[in-house]
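Read the figures in this text as sums done on the coordinates, not as results from a lab. Everything numeric in this text was worked out from a predicted model, so none of it was measured. Counting neighbours? That spans all protein chains shown, and the Cβs are built from the backbone with ideal geometry, glycine included.
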Amino acid sequence: MTKLTIITALAVLGTLSVVAFLQPERPTEAYRTEKCTHETTLYVLKWPGDSTTYDVTHGNLFDWWQEEIEEAADIWNDDGGADFSFNHSSSSSHDWGKKRLRKIHRIAETGIVATNCVVTDVDTYFNTRYTFNRCDTDPGDCNQSDVYDVRAVSLHEFGHWLVLGHTAPWRFSCVMRNGEWEDRTLCGDDRNGIQSIYGED
């Protein structure tokens, strides 16, 4: 079993090799998926089924924060167009929380545990070094450079739960663009990325 953390860079950890690549069959696209090698065969790293659960109740998060995370999950469920869904469950072992991260520049951190190229656990933590807000109800606060929208950050991190990497930097307005913490709407690359892994709904 190997654990990897997806932030802004790709990693090679233990026997699990994670590689970001431009999909050759979609030359106009710029989405990235994560791959791994098991017994010399290259696989797409993915969840074993067509859904997973997540929990927001164990991570010392405000109620409104939990609501924003659930809204982000619903955006992927409703707009991703893929045969995969997130389902909230208070008994899930896949948690959302907050803590002071070691790396100052990390707004949030998602860690993935996988066995034989199959995802078995994921957890995400918001970095308490930063201020987070609900930007649809308090938009003025989110105009500040050091305040981040919980829903937008959650939407990006849920993309990592789906084992999507970062899109090319020139793909503006894409949720999975590296360093993107503002967009609340999936772009074509975001949808194509998840559909390439889990198939169309």
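Computed over neighbours whose Cβ is under 15 Å from that of D83, the net charge equals -3, Lys and Arg +1, Asp and Glu -1.
Computed 3J(HN,Hα) for the stretch 83-88, one whole-Hz value per residue from the Karplus formula 6.51 cos²θ - 1.76 cosθ + 1.60 where θ = phi - 60°, is 7, 7, 9, 9, 10, 6, glycine and proline marked x. Computed on the Cα atoms alone, the convex hull of the stretch 62-201 gives a volume of 121 cubic angstrom per residue. In sequence order, the stretch 74-80 has phi-based couplings of 5, 5, 5, 5, 7, 10, x Hz under the Karplus curve 6.51 cos²θ - 1.76 cosθ + 1.60, θ = phi - 60°, and Gly or Pro positions carry x. The H on the amide N of T128, modeled in the peptide plane, is under 5 Å from the matching H of K99, R100, L101, each at least 5 residues off or on a different chain.
3J(HN,Hα) along the stretch 123-130: 9, 10, 10, 7, 7, 6, 5, 10 Hz, from the Karplus curve 6.51 cos²θ - 1.76 cosθ + 1.60 with θ = phi - 60°, whole Hz, x for Gly and Pro. In this structure, the amide hydrogen of D149, modeled 1.01 Å from its nitrogen in the peptide plane, lies closer than 5 angstrom to those of N133, counting only residues at least 5 positions away or on a different chain. Under the combined filter of DSSP loop state and at most 15 neighbouring Cβ atoms within 10 Å, the stretch 41-103 retains none of its GluC sites (Glu not before Pro). Estimated from the Cβ-Cβ distance and a Förster radius of 22 angstrom, the FRET efficiency linking T185 and V147 is about 0.65.
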